[in-house]
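The values are calculated or read from the model by the stated rules, or taken from the named source; none is laboratory data. Please read all numbers here as calculations on a predicted model, not as lab measurements. Every residue, glycine as well, gets a Cβ built from its backbone with ideal geometry; the counts of neighbours run over all protein chains shown. Heads up: the accessible areas ignore ligands, DNA and RNA and are worked out on the full protein's heavy atoms, side chains in. Shrake-Rupley method; radii C 1.70, N 1.55, O 1.52, S 1.80 Å.
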Amino acid sequence: KKPTESIFRGIRLFATLYHGSDDLPWLCPNVQWQERLKDFGQPDLIAAQSTNGIGPVERGAIRRLKELNANGLEKLMMERQLDAVVAPNSDISSLLAINGHPGIVVPAGYDEKGFPFGICFGGLQGYEPRLIEMAYSFEQATKVRRPPMFKP
C-alpha cells in the first residue's frame, strides 16, 4: 500500500518539531518553541533517539513487569473472580498499561472548586465490552457529567 501525502506531511511535521524549528508559528502562536518543547516530552524523545533500542536491561525490566502483573492484577482478578477493578481518576492506568489491560475513565463528581474527577474501570485483556457496559451504567445511574463551562 502506497503512503498517502498526509502521512508524509505528518512525518515532515514530526521531523520539524523534533529538530526544534521556529518556523511553525501557526501551531503555537506567540510562544517560543524551545520553551514549549519540554511540555511535549521533547527531552524524552531526544533521549530515546540516542538509544539503540531495547537492550538486556530493558528486556529484564519488561520481563519483571510482566511477572509482577501475572502475580498481581491477573492473579487477583482470576482468584477473586472479579469483573473489574475500580480506582479514582486514572490512578490505575500505569498498572493496566503494563500488560495492555483495558481501562475506561468516566466522570464521577466534582471537587470543592468545581473541577471534575473520574472513576476508572479496569480489567483483563478481552474485558473491553463489559468495562464499557459498566462505565455506561455508572454514567446513566449517576448522571454526574455536565457540559463544561468556559469562562473568559
* Tell me, yes or no, whether region 56-65 has at least one residue that is in contact with a strand residue (DSSP E or B) (Cβ under 9 Å, 6 or more places away or on another chain) and open to solvent by 80 Å² or more (accessible area, probe 1.4 Å). => no
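Yes/no matrix, rows are residues, columns are (1) basic (K, R); (2) open to solvent by 50 Å² or more (accessible area, probe 1.4 Å); (3) more than 13 Å from L73 (Cβ to Cβ); (4) in contact (Cβ under 8 Å) with a residue 60 or more places away in the chain:
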site: S94; (1), (2), (3), (4): no, yes, no, no
site: N99; (1), (2), (3), (4): no, no, no, no
site: A108; (1), (2), (3), (4): no, no, yes, no
site: I119; (1), (2), (3), (4): no, no, yes, no
site: L124; (1), (2), (3), (4): no, no, no, no
site: I132; (1), (2), (3), (4): no, yes, yes, no
site: A135; (1), (2), (3), (4): no, no, yes, no
